[in-house]
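Below: one structure, written as structure tokens.
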């Protein structure tokens, strides 16, 4: 056992911290989750991270020297050299915590940082829906839209670590306001948050829609789950909202194809739940707007790693950055 | 001299064939140009290519064994494995010519093929405005808009050799018709051809513009040169057309920045001639639509290799693909 290589992954989220120890094939052997309690401030969260990490190593019956690398997946932007996370939206008053140094001094194990979207892209590439591929684009699709680009078998970070902001391709500069302050970004047109906003604006004018009934008249409860439920019941308004969102998604993916020529797109959360309600119109737009019709249309593939994508992402960051695959 | 490495470049264009022999630093030591005479058919053009190549080698006083590699830059899409060029727009009835095999059998030198936009990107990266950079995006801007992407110091070709179709990022799906059959591609909004079309549509309704006078009333003679000449004379219509084209260019570059995070954009032909008439509004849109405001705004840099970009591109294709740099 002592000759086997182990990796430790830490996924820092706004609501939960997730820890895992895995082998070089990305098998999660030991796991631990704790609430982040972000409101208690970064000192407490960091202590929680250190304690939980130590606890997991103990639980796995390993000595730190058996762990090749600690991978940390965290909300971006993150400085991969220092582990400093810049103004993470779900970690208020995080400040400038040199988390890399703190972890390395405590455990004497090298620590590698990656923003969560890039880490998830790496995980799907190494262990998930992209295994065996060399060029792919991953899009998270939940409250926001993030992404990661794998180029010739490696994560592409760009000149300043800022590549892959795929939710912020602007399609309609005069369109709906995006969380980033600009208008008409892909994220403002087809993320879960965008869909909820569109529903809240449209539902009051469509008394024939069943959606308001599904939330007992409480308009603030309208969200993507309700949208999908109504669409499966053939609700016309729900179907038309999804058709339009799918069109924007397909347009954005066509532009990405004309730029990057990936083998596949791996799509997370919303795309998985919505299936063809979103993906059929997306494929229509993709095939209409793609430039080179002699290459195969890139497949739209659902992400595979599900609820544990955070843990897998952190492990993938550790493995990729130590070049052990 | 016999220990020095030489490369031979062949640039196949619709109107001219350009040949060059260079050293490993990309210095063009011997050059030759011939008209393509595409109308005579591919057999004649191929014979012309073989004869001119032999002539240049002789002129350089080299034996073929002193040449490491032949690089060929040609209109895309090209099959880099066979040298077959698929339906080149300016080489009618080209058919499926196995040019790689023909060259290799004739000269006993390996031949490497690259489409002209990728080859030009490689050339600017190795010898031109991108020397010393690792991540850059190159955009040709003349009759059409083509491009090439350098990622971590290597040309990125994509899964099927079709990456970098940067002129076909669609911004306005209901906008002006593009040569590719779709609407509102970047190429349909700010290439030289697009500008000429816009001028022809707008000039008749603007009797105050000097442009029609500059072409002696012959509307079909309106082109980008006239546009720039009028703009430098403060012609309001000309300035507004360039401002709008620059806005679209900047929007497209902002999307590319959010996706690719390059250090610089290298822009060819039209951007060089127009300077700030086009680039100032482009920079405005770029800085407005960029997502991560903490990274430096990528610089818009004019291409450096000028009229000999074809020769440099062919040499760069030879050098890059033999991994000699």
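The values are calculated or read from the model by the stated rules, or taken from the named source; none is laboratory data. Fair warning: this is a prediction, and the values are worked out from it, not measured in the lab. Cβ coordinates were reconstructed from backbone atoms using ideal geometry, including for glycine residues, and neighbour counts include every protein chain displayed.
Working carefully through the options B:155, B:186, B:172, B:177, find the one that is crowded, with 24+ Cβ neighbours inside 10 Å and at pLDDT 95 or above. Show your work before the answer.
Values: B:155 fails: crowded, with 24+ Cβ neighbours inside 10 Å; B:172 fails: crowded, with 24+ Cβ neighbours inside 10 Å; B:177 fails: crowded, with 24+ Cβ neighbours inside 10 Å.
Answer to the selection: B:186.
Exactly one residue among A:117, A:159 is more than 14 Å from the chain's Cα centre (by Cα) and within 19 Å of residue A:83 (Cα to Cα), and that residue is A:159. Apart from one condition, residue B:89 fits all of (1) surrounded by 13 or more Cβ atoms within 10 Å (Cβ to Cβ); (2) under 23 Å from residue B:147 (Cα atoms); the exception is (1). Looking across region A:240-263, the residues that are out of contact with any helix residue (DSSP H, G or I) (no Cβ under 8 Å at 6 or more places or on another chain) and either surrounded by 20 or more Cβ atoms within 10 Å (Cβ to Cβ) or farther than 29 Å from residue A:229 by Cβ (or both) come down to A:261, A:263. For region A:301-321, the criterion of being surrounded by fewer than 24 Cβ atoms within 10 Å (Cβ to Cβ), within 14 Å of chain B (Cβ to nearest Cβ), in contact (Cβ under 8 Å) with a residue 24 or more places away in the chain and not in a helix (DSSP H, G or I) is satisfied by at least one residue.
Identify the residue in region A:146-167 that is outside any loop (DSSP other than H, G, I, E, B) and either at the interface with chain B (Cβ under 8 Å from one of its Cβ atoms) or out of contact with any helix residue (DSSP H, G or I) (no Cβ under 6 Å at 6 or more places or on another chain) (or both) and, among all such residues, is nearest to residue A:316 (Cα to Cα).
Filtering region A:146-167 for residues outside any loop (DSSP other than H, G, I, E, B) gives A:146-151, A:154-155, A:166-167.
Still in the list and also either at the interface with chain B (Cβ under 8 Å from one of its Cβ atoms) or out of contact with any helix residue (DSSP H, G or I) (no Cβ under 6 Å at 6 or more places or on another chain) (or both): A:149, A:151, A:154, A:166.
Working: A:149: 14, A:151: 16, A:154: 12, A:166: 20 Å.
Ranking the qualifying residues of region A:146-167, first place goes to A:154.
The single condition among (1) more than 26 Å from residue B:258 (Cα to Cα); (2) modelled with pLDDT under 85 that residue A:95 does not satisfy is (1).
Scanning region A:92-111 for residues that are surrounded by 14 or more Cβ atoms within 10 Å (Cβ to Cβ) and more than 29 Å from residue A:6 (Cα to Cα) turns up just one, A:94. With respect to (1) assigned to a loop (DSSP other than H, G, I, E, B); (2) at pLDDT 95 or above; (3) away from chain B (no Cβ under 14 Å); (4) touching a helix residue (DSSP H, G or I) at 6+ places or on another chain (Cβ under 8 Å), the lone exception for residue A:143 is condition (2).
Can you pull out the helices (runs of 4 or more DSSP H) entirely within region A:208-288 that have at least 2 residues that are in contact with a strand residue (DSSP E or B) (Cβ under 8 Å, 6 or more places away or on another chain) and within 14 Å of chain B (Cβ to nearest Cβ)? Outline the logic, then answer.
Numbers: elements: A:211-214, A:224-232, A:236-260, A:269-274.
The helices (runs of 4 or more DSSP H) meeting that bar are A:236-260.
Every listed requirement among (1) crowded, with 24+ Cβ neighbours inside 10 Å; (2) away from chain B (no Cβ under 11 Å) is met by residue A:132 save one, (1).
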